[in-house]
Every structure is written in C-alpha cells, then in structure tokens.
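Accompanying notes for the structure given below.
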Amino acid sequence: MASTRPLSEKRVRLTEAEVEEVWRRWRSGQAIKVLAREMRRHPSTVRELLKRCGGVRPAPRHRSELRLSLTEREEISRGLAAGSEYVSLGDSFISVGSYLTTSMNSDCAQASDDVGHLVAAQLPGIGFTDLACGGTPANLVEKSADGLSPATRYVSLSTGGNKDDFYMGLLQNCFTSGINCTPEFRQESEAKLDRLGASLDSAYAAVRAKAPNAKVVVLGYLRLLPDRSAGCVIDLTMGQDIVDFGNRIQYRLNDEVGKAAERAGFTMVNKWQDGHNSVCAPYGQRHVSITGIGPGDEALAYHPTITGRRHTAALIVDAFLHG
C-alpha cells in the first residue's frame, strides 16, 4: 500500500535510516525519481547524496570531535586563500581522490591527494589553499571567488559539468545503465549545454574580478569513454550507440568550457584526448575509473584515478609556468 505521507517540496536532510534506504534502493537499480517518490522525498535531496559519492556508497566513516564544521572550514579557507598565491577552485573532478583519502561526511568532498594538492606539490614555496569542493551547487565558483585576492598568482578551475546536474544525469541515465538514455534525455542534455556558456561567463568573471593578476588555468574534463565499446564491460552496460553519444556530448561540454575560457582570457588544458586512457584502459593507465577500486585506481566511481589526477596536475603546472 502506497504511503499517504505528502511529498516534501523542501530539500530536507535525510535521516541516517533514510540514507541507508536510498543506498539499498539505488543498489537494486531504482532510478532517482522512482526511489525519491516512493520515499516521499524531493529528488534533488536524493540526487545530491548520490552525487557526493559518485553513485557508489562510501565506507562508513566517523567524525572526530575535533573536526571543524563546514562553515568553520570555509571561513578559515577563505582567510588563508586571501594570502595564498595558488588557489584550486571547482567541482569533484578537481577536488576528490580515492575512497580512503576523500572526506565525504560533509557537504564538501575534498581529498589530500586531489588535483590541487598534486599541483601545489610541484610549486615549492607557493602558498596553497584548496577551495575546490565535490557535491556542491553549480555556483560554487562564484561563492569561492571571495577567497581570491590581487595577491593570488595562480588559479586552477574545473566547473561546468555540475551545472543543472549535467554529469549526474549522464551517470544515472546513460553510463551506469543505458536503459534511460532516451532521445528525450539526450535532447535535454544538449539543451543544458546550450545554457552553459552564460553560466561559465559569470563564474569566470567572478574569478577575474577577485584575482586580477592571476594566471587562470581551466581544466577540461578527462575523457571517459573509448572510441569503441567492443571488448569492454561498457559494451554490455551501454553499447556502441550510447558510447558514441557520450563522446559527442562530453566533447561538446569541453568545447563550451574552452570557448568560455577563451572569452575570459584564461588558458584551457585537456580539451580532448584520444581515448587510450578511458575507463576501458588497463589498470594503471586509465584516467577515469568506473568503480574507483581497481588496482591502481585510487579514485571514486567515474572520477579521475591517481594516474588521471597526476596527468592533469602536470598539465596545469606546465600551463602555470610555461603557458
């Protein structure tokens, strides 16, 4: 018998029991809209939980009594960033590492081996603050820009894929299983990219206004899929048609990011790759992992592996120093 409890229109924080139920239903294959409706919770609340973890449930973690709250950490980070020469900004593709290193028990997923930290390790003597944050709203860059200043010399930036839940939608409807990768969904994804340019222009303008003297490097999203699905598990879960769509839509995402970067006078790295380091590449060579837990992956699901993070960090450092 269906529940008569009214659907909450507000994004109410899930209880621990509800979080457990979300993961149970998600593992069973329920779509976000279905499980949210049956649990009488707003779909955005469920989507944000899954997005923070890349769609894969993290191992249980325990919060130390000495751990700072998100608000306290943001205040301290902005204060530090105001005097930092290098600041990392953006979404989960630049802010997370492995399941062991990524802090996911707050609204801001960060890791000690994320791209920003790997870049900072190659800039000796340069003060660094990590303001990148996974599982956050698309306007994170504008909010975090307050941590920049005229003293900021270097900024690395990854954003765009989190706008309108673009990336999460692809994961849910096409990449995890192709059942819901319908023509209608594909049109909706294209429409989201139609609107992306203006959002990026606003974010980039906020960065430039706060850091007028900085060298800003925009990071394109690492290529997820190979040219051909044959011989890879995605041939069973997705098939060639969805792989072709996935490559086209990701290429367009990076193209929109690149055009906005050019309009802002920023440098873009990693606009596109040849697919040899896709999710189907051998362990140790793939730049993005489906599960994040394969040998040498050290990643979250469908996020950059340690190999991918080192690759992008090297591109950013080269652009900072030689671009």
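Residues in the range 107-131 that are out of contact with any Cys (no Cβ under 9 Å at 6 or more places or on another chain), of a type outside the set (S, T, Y) and in a loop (DSSP other than H, G, I, E, B): 10 in all.
Scanning the range 153-176 finds no residues that are outside any loop (DSSP other than H, G, I, E, B), farther than 25 Å from L300 by Cβ and β-branched (V, I, T). Counting the residues of the range 245-260 that are more than 15 Å from C174 (Cβ to Cβ) and in contact (Cβ under 8 Å) with a residue 60 or more places away in the chain gives 4. From the list D274, D297, the one residue that fits, being within 22 Å of A111 (Cβ to Cβ), of a type outside the set (F, W, Y) and assigned to a loop (DSSP other than H, G, I, E, B), is D297. Quick check on I76: is it β-branched (V, I, T), more than 16 Å from H303 (Cα to Cα), at pLDDT below 90 and buried (at least 17 other Cβ atoms within 10 Å of the Cβ)? Spelling it out, it is not the case that I76 is β-branched (V, I, T), more than 16 Å from H303 (Cα to Cα), at pLDDT below 90 and buried (at least 17 other Cβ atoms within 10 Å of the Cβ).
For the range 135-147, a residue qualifies if it is touching a residue at least 24 places away in the same chain (Cβ under 8 Å) and either assigned to a helix (DSSP H, G or I) or touching a strand residue (DSSP E or B) at 6+ places or on another chain (Cβ under 6 Å) (or both), and the qualifying residues are G135, L140, V141, E142, S144, A145, D146, G147. For the range 126-154, the candidate set comprises residues that are of a type in the set (V, I, T) and touching a helix residue (DSSP H, G or I) at 6+ places or on another chain (Cβ under 6 Å); within that set, the residue that is modelled with the lowest pLDDT is V141. You will find that of A120, A111, A132, the residue that is within 24 Å of S202 (Cα to Cα) and in contact with a strand residue (DSSP E or B) (Cβ under 8 Å, 6 or more places away or on another chain) is A132 and no other.
Residue-level check: of (1) within 21 Å of I290 (Cα to Cα); (2) hydrophobic (A, V, I, L, M, F, W, C); (3) buried (at least 19 other Cβ atoms within 10 Å of the Cβ), L196 misses just (1). Counting residues in the range 185-208 that are free of Cβ contacts under 8 Å to residues at least 24 places away in the same chain, in the same structural domain as I290 (by TED's automatic domain parsing) and outside any helix (DSSP H, G or I) gives zero. Each residue in the range 257-309 was checked for being farther than 15 Å from Y221 by Cα, out of contact with any helix residue (DSSP H, G or I) (no Cβ under 9 Å at 6 or more places or on another chain) and surrounded by 20 or more Cβ atoms within 10 Å (Cβ to Cβ), and 1 of them qualify. Examine the range 261-271 for a residue that is free of Cβ contacts under 8 Å to residues at least 12 places away in the same chain and either at positive phi or not in a loop (DSSP other than H, G, I, E, B) (or both), and state whether such a residue exists. Yes. Only residues that are within 18 Å of W272 (Cβ to Cβ) and assigned to a loop (DSSP other than H, G, I, E, B) were counted across the range 209-249, and they come to 9.
The values are calculated or read from the model by the stated rules, or taken from the named source; none is laboratory data. Note that the structure is a prediction, hence the values are computed from the model and not measured. We place every Cβ from the backbone using ideal geometry, glycine too, and count neighbours over all the protein chains shown.
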